[in-house]
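Accompanying notes for the structure given below.
Quick note: the coordinates plus some simple rules give every number you see, no bench work behind them. All values reported here derive from a predicted model rather than from experimental measurement. Positions of Cβ are backbone-derived with ideal geometry, glycine not excepted, and every protein chain shown enters the neighbour counts.
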């Protein structure tokens, strides 16, 4: 069951997650002030991950993600772990803001050295959604995702993790794919977002890619050749002929 607590109601067990993994009380109190300055006024303890008896949305090697409130908005809060090898989340905030200019990624609301706050997205992981969705819906969502990848390429912002699509894309109820986690994104990489997404969804021999290929009625070889032309020449026409975008 979800547990909503205003920041001034937080007890020590709840505060500790703000300073994971040590739970240092003084660090937690400093971070509580930092959250307040970002406009966050409450935390909602729910999610699939349990830390010290409380529920959170996610736990990674550099951060913990919680659900919260900022005024009338439900938000996601990415908290930098105390043992993170990244000294600040502000560079990630800059990359997410750039993606937001093209309508990509969750809408960033506020950022500081230790926190990112974005509008909470209700959705299902793409890799799960594909396995139960009918082919016409799969085609629509995957096309939208591939177009977002093309747009990121045009911005020069390379996500760098989209070849491992798991955990990086959610599908909302209105069939909008949302790309998450721009932590390792780069403005100096020569890689292609489109190639990364297509590798994950069309080329690899997984149940997900098999379902996607079936939905588009294409073969691995056809997609590979279209990707080679895009990578070499920047042309989208072969991908359009396959109705991928």
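Observations on the structure shown:
- Full-stretch length increase - residue 22, residue 241 - with 0.36 nm per residue and alpha-carbon distance subtracted: 73.4 nm
- Working note: Debye formula, equal point scatterers on the alpha-carbon atoms of segment 124-241, no solvent; log10 I(q)/I(0) at q = 0.10, 0.12, 0.22 Å⁻¹ is -0.26, -0.38, -1.36.
- A Stokes-Einstein calculation at 37 °C with viscosity 0.692 mPa s, built on the Kirkwood radius of segment 175-227 over Cα pairs, returns a diffusion coefficient of 262 µm²/s.
- Note on the chain: Rg/Rh from Cα positions, Kirkwood definition for Rh, rounded to two decimals, is 1.02.
- Ordering of 205-213, 146-154 by packing [mean C-beta count within 10 Å, highest first]: 146-154, 205-213
- Two-decimal log10 I(q)/I(0) for segment 3-119, as the Debye equation yields it once each C-alpha is a single scatterer, q = 0.16, 0.17, 0.20, 0.21 Å⁻¹: -0.68, -0.78, -1.09, -1.21
- If R0 is 41 Å, the Cβ-Cβ spacing of residue 11 and residue 190 corresponds to a FRET efficiency of close to 0.25.
- Among 104, 229, 77, the largest mean-square fluctuation in a Gaussian network model of the chain (Cα springs under 10 Å) belongs to 229.
- The packing ranking of peptides 232-243, 158-169, highest mean first, is 158-169, 232-243, where packing means the average number of other beta carbon atoms within 10 angstrom of each residue.
- Note on the chain: helix-only mean residue ellipticity at 222 nm, from DSSP H runs of 4+ residues weighted -39500 (n - 2.57) and normalised by residue number, equals -10500 deg cm²/dmol.
- Gain upon complete extension [residue 33, residue 174; 0.36 nm per residue less C-alpha separation]: 47.2 nm
- Contact order relative to length of the chain, as percent, for alpha carbon pairs under 8 angstrom and 6 or more apart: 13 percent
- FRET E, pair residue 219, residue 147, Förster distance 30 Å, beta-carbon r, rounded to 0.05: 0.90
- Under the simplified labelling scheme, the residue 4-residue 94 pair shows an inter-label distance of 3.7 nm, with each label point 7 Å from Cα along Cα→Cβ.
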